[in-house]
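Report on the structure given below.
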Amino acid sequence: MRKELQDAERLRLIGDLTGVFAHEIRNPMQVVRGFLQLLDAPELPPASKTQYIRLSIEELDRANEIIREFLLLGKPVSDNREEVDVGRQLRRTASLIENYALGKNVTIETTIEPDCMISGNVQRLNQFLINIMKNAIEAMPDGGAVRASCIAVDESRIEIRVSDEGVGMSKEEVERLGSPYYSLKKSGTGLGMMVSFQIIRSFGGTLRVFSEKNKGTEVVASLPSI
Ligand code: ADP
Ligand code: MG
C-alpha cells in the first residue's frame, strides 16, 4: 500500500473497529464475572471451584489475545512480505469477529482449503479480511449468514470469497466502492473498501464485487499464490 493512507485515516479506520472490539472484550468479562459470583457461594465443592477458576483464566487469556490482535491491526504496517497461510488468517479473523457477529444474529461459516499460500504482509491481509467481514455483517441488519472461503483455483492463484445475504448494492453503488469516504452508513468511514482495494493491489491481486440489491453481496479477491 502506498503512503497515501495517512495516519489520521488509519486511526479513523481503527476507530471504526471500536464497536467490534468492545463487544469482543465485554463477552469474556461477563463470563468471568459470572464465575466470580459462583465462586462466592458457600460450600462450593472443590472440583467446581477448580473448574470455575480454570474457565475464568481461559476467558481472561482470550480477552488478552483479542487485545493483542486488535493492537496489531492498529499498528502502522511494515512493508515486510512473508509466506502467509491465508486459510489460517481467515479462520483467525472469523473467530476475532464472531461474538460481534452473533450479537447481530449473524453466523460466520468458513470453508478453508489447505495450501492457500501467498506472499504478502500478514497484518495487511488481516486488515482486509476484517474490513470485508465487517461490511458483510453490517449489510444484514436482520441477521443472516456470512460465508468466507479460500480456495486454490490452480497452481498459481487462490481466491478469497466473502458473501452475505444482506442489503446488496446497485450497479452504481458497486462502481463507487473504493472511493475515499464513500459511505452510506450513519457512522461509516468510507475507508474500508478503499484500503481493501489497495491491499489486494499491493499483493498483485484483483478485487471484484458482485452484488444484487436486497439479495446480497460477494467480494472476491484473486491473488497470486506461492
Ligand atoms: P463504511 O463501511 O465505513 O461505510 P466501506 O468503505 O467499508 O465504508 O464501505 C463503503 C460503502 O459500501 C458502505 O457504506 C456500504 O454502503 C457499501 N458496502 C460495502 N460492503 C457492502 C456489503 N457487503 N453489502 C452492502 N453494501 C456494502
Ligand atoms: Mg466498512
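The values are calculated or read from the model by the stated rules, or taken from the named source; none is laboratory data. Everything numeric here is computed off the predicted structure, so don't read it as measured data. With ideal geometry, Cβ positions are generated from the backbone for all residues, glycine too; neighbour counts draw on all protein chains shown.
Miscellaneous remarks
- Boolean, Arg91 is out of contact with any Pro (no Cβ under 8 Å at 6 or more places or on another chain), free of Cβ contacts under 8 Å to residues at least 24 places away in the same chain and more than 15 Å from ligand 1 (Cβ to nearest atom): yes
- Filtered residues of region 55-83 (kept if modelled with pLDDT under 85, within 20 Å of the chain's Cα centre (by Cα) and either part of a strand (DSSP E or B) or of a type outside the set (A, V, I, L, M) (or both)): Arg62, Glu65, Arg68, Glu69, Phe70, Gly74, Lys75, Pro76, Ser78
- Here region 185-200 is the region considered, the condition is being of a type in the set (S, T, N, Q) and either modelled with pLDDT under 85 or more than 8 Å from ligand 1 (Cβ to nearest atom) (or both), and the residue that is farthest from the chain's Cα centre (by Cα) is Ser187.
- Taking region 87-133 as the range and being in contact with a helix residue (DSSP H, G or I) (Cβ under 9 Å, 6 or more places away or on another chain) and basic (Lys, Arg) as the test, the residues that pass are Arg92, Lys104, Arg124.
- Selection of region 195-226 for residues being among the small types (Gly, Ala, Ser) and in contact with a helix residue (DSSP H, G or I) (Cβ under 8 Å, 6 or more places away or on another chain) yields Ser196, Ser202, Ser211, Ala221.
- Candidate set from region 210-226 (those that are of a type outside the set (S, T, N, Q) and crowded, with 21+ Cβ neighbours inside 10 Å); member that is nearest to ligand 2 (Cβ to nearest atom): Val219
- Selected residue (criterion: farthest from Glu83 (Cα to Cα)) from residues of region 137-182 that are basic (Lys, Arg) and free of Cβ contacts under 8 Å to residues at least 40 places away in the same chain: Lys171
- The sole residue among Ser187, Ser183, Ser119 that is farther than 27 Å from Asn99 by Cα, surrounded by fewer than 17 Cβ atoms within 10 Å (Cβ to Cβ) and of a type in the set (S, T, N, Q) is Ser119.
- Hits in region 203-222 (condition: over 20 Å from Lys134 (Cβ atoms), touching a residue at least 24 places away in the same chain (Cβ under 8 Å) and outside any loop (DSSP other than H, G, I, E, B)): Glu212, Ser222
- Selection count where residues are within 11 Å of ligand 1 (Cβ to nearest atom) and of a type in the set (Lys, Arg), scope region 134-184: 2
- Yes/no for Ile112 being of a type in the set (A, V, I, L, M) and either over 13 Å from the mean Cα position of the chain (by Cα) or farther than 29 Å from Thr217 by Cα (or both): yes
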